[in-house]
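Scroll down for the structure; my scribbles are underneath it.
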Amino acid sequence: YVPFGKTGVNVSRLGFGCMRLPYDEKDGVKVFNKEKSVEMLHRAIDLGVNYFDTAPYYCDKQSEIIVGKALKGFRDKVYLSTKNPIENDSGDDFQKRLETSLGKLDTDYIDFYHFWGIDLETYETKIDVKDGPLSRALRLKEQGLIRHISFSFHDKPENMLEILKRGQGIFSSVLCQYNLLDRSNEAGMALAHEMGLGVVVMGPVGGGRLGAPSEVIRSLLPGPVKSSAEVALRFVFNNPNVHIALSGMGDISMVEENARLASDI
């Protein structure tokens with residue numbers, strides 16, 4: 001476990017990204033297997049994972065429900081991350097979306113609540129506005145529904161720097177993409193770390209692109225490795241500005257392998 005910026009909590013290096021939970025397909029429709037999913041999440045907890053990331057639209061809107069079910073009995077032992085899709089500049093609507101997630105997750109609070117996939121324009125025109133989502137988030141934090149305010153980022157790298165500066169003293173963590181194929185957010189990650197934010201990485205295996213066997217990728221780091229995916233994860237874990245690497249895991253063997261790797265860093 002590592003201290004998660006200045007948040008005062010310790011987190012597992014490996015986070016469980018709950019966007020690819022197991023499912024069966026029936027008549028062309030995905031039917032998510034709640035039993036297998038809960039079993040996977042419980043195994044991850046057994047192996048020391050304590051950061052679980054979900055979102056309202058993951059897994060055909062089933063992810064939050066399944067995660068909430070899985071974390072029953074473990075809620076005070078784990079950190080729960082979910083997201084708010086910023087659809088407009090209304091603080092009221094922001095709160096309604098939060099309340100919907102609280103209901104699906106069957107919890108009284110969110111540990112790390114993200115403005116979801118924002119860019120600088122959205123921050124300026126829909127978030128940091130009068131009676132908007134940012135001021136409402138701060139009020140909800142005072143009320144205890146949100147423990148930490150965060151944001152996930154999809155924009156030009158230089159705009160991440162700008163959002164971090166404007167949100168100084170507000171944001172506790174940032175979630176951004178980073179992997180061997182995309183290092184564009186390194187400066188933003190370094191600034192976030194310097195400012196005391198927790199830094200969470202999504203797509204550490206490049207959305208699966210780095211998971212296929214590759215002698216080129218395998219040769220980038222010294223030492224014996226079992227797969228190019230392992231190299232990709234080691235690359236992310238070895239960046240001193242990264243606290244958590246999120247992995248979307250689809251079966252227990254993947255959970256066990258990734259937990260083994262994270263504990264070996």
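The values are calculated or read from the model by the stated rules, or taken from the named source; none is laboratory data. Since we're looking at a predicted model, the values are computed, not measured. Cβ: placed from backbone, ideal geometry, glycine included. Neighbour counts: every protein chain shown. Quick note on the areas: whole protein, heavy atoms, side chains included, nothing else; ligands and nucleic acids left out. Shrake-Rupley method; radii C 1.70, N 1.55, O 1.52, S 1.80 Å.
Of the residues making up region 228-260, those that are without any contact (Cβ under 8 Å) to a residue 60 or more places away in the chain, in contact with a Lys or Arg (Cβ under 7 Å, 6 or more places away or on another chain) and not polar (S, T, N, Q) number 1. The set of residues in region 73-92 that are without any contact (Cβ under 8 Å) to a residue 60 or more places away in the chain and under 18 Å from Gly117 (Cα atoms) comprises Leu80, Thr82, Asn84, Pro85, Ile86, Glu87, Asn88, Asp89, Ser90, Gly91.
Any residue in region 16-24 that is open to solvent by 80 Å² or more (accessible area, probe 1.4 Å), out of contact with any helix residue (DSSP H, G or I) (no Cβ under 7 Å at 6 or more places or on another chain), over 14 Å from Phe112 (Cα atoms) and not in a helix (DSSP H, G or I)? Yes: region 16-24 contains one or more residues that are open to solvent by 80 Å² or more (accessible area, probe 1.4 Å), out of contact with any helix residue (DSSP H, G or I) (no Cβ under 7 Å at 6 or more places or on another chain), over 14 Å from Phe112 (Cα atoms) and not in a helix (DSSP H, G or I). For first residues located in region 19-31 and touching a residue at least 60 places away in the same chain (Cβ under 8 Å), partners that are assigned to a strand (DSSP E or B) and open to solvent by less than 100 Å² (accessible area, probe 1.4 Å) and lie 6+ apart or on another chain with Cβ distances below 7 Å form the pairs Met19/Gly248; Arg20/Gly248; Leu21/Phe32. In summary, helices (runs of 4 or more DSSP H) completely within region 155-265 and bearing 2 or more residues that are modelled with pLDDT of 95 or more and of a type in the set (Lys, Arg) occur at 157-166. Evaluate region 68-81: report whether one residue or more is in contact with a Lys or Arg (Cβ under 8 Å, 6 or more places away or on another chain), among the aliphatic types (A, V, I, L, M), assigned to a helix (DSSP H, G or I) and open to solvent by less than 70 Å² (accessible area, probe 1.4 Å). No, because not a single residue in region 68-81 is in contact with a Lys or Arg (Cβ under 8 Å, 6 or more places away or on another chain), among the aliphatic types (A, V, I, L, M), assigned to a helix (DSSP H, G or I) and open to solvent by less than 70 Å² (accessible area, probe 1.4 Å). Restricting attention to region 83-127, the residues that are of a type in the set (D, E, K, R) and open to solvent by less than 60 Å² (accessible area, probe 1.4 Å) total 5.
Does Phe94 qualify as being in a helix (DSSP H, G or I) and closer than 14 Å to Pro56 by Cβ? Answer is yes for this residue. Looking at the structure I just gave you, is His148 out of contact with any helix residue (DSSP H, G or I) (no Cβ under 7 Å at 6 or more places or on another chain), touching a residue at least 12 places away in the same chain (Cβ under 8 Å), closer than 22 Å to Ala55 by Cα and surrounded by fewer than 21 Cβ atoms within 10 Å (Cβ to Cβ)? In short, no.
Beta carbons closer than 7 Å, at least 6 apart along the sequence or on distinct chains, pair a first residue in region 117-137 that is of a type in the set (Gly, Ala, Ser) with a second that is in a loop (DSSP other than H, G, I, E, B) for Gly117/His154; Gly132/Asp89. In this structure, is Lys130 open to solvent by 70 Å² or more (accessible area, probe 1.4 Å) and under 20 Å from the mean Cα position of the chain (by Cα)? Considered against the rule, which asks whether it is open to solvent by 70 Å² or more (accessible area, probe 1.4 Å) and under 20 Å from the mean Cα position of the chain (by Cα), Lys130 comes out as no. The requirement of being open to solvent by less than 10 Å² (accessible area, probe 1.4 Å), in contact (Cβ under 8 Å) with a residue 60 or more places away in the chain, of a type in the set (A, V, I, L, M) and outside any helix (DSSP H, G or I) is not satisfied by Ala44.
Within region 94-107, the residues that satisfy the criterion of being touching a Lys or Arg at 6+ places or on another chain (Cβ under 9 Å) and either of a type outside the set (A, V, I, L, M) or over 24 Å from Val67 (Cα atoms) (or both) are Phe94, Gln95, Ser101, Lys104, Asp106, Thr107.
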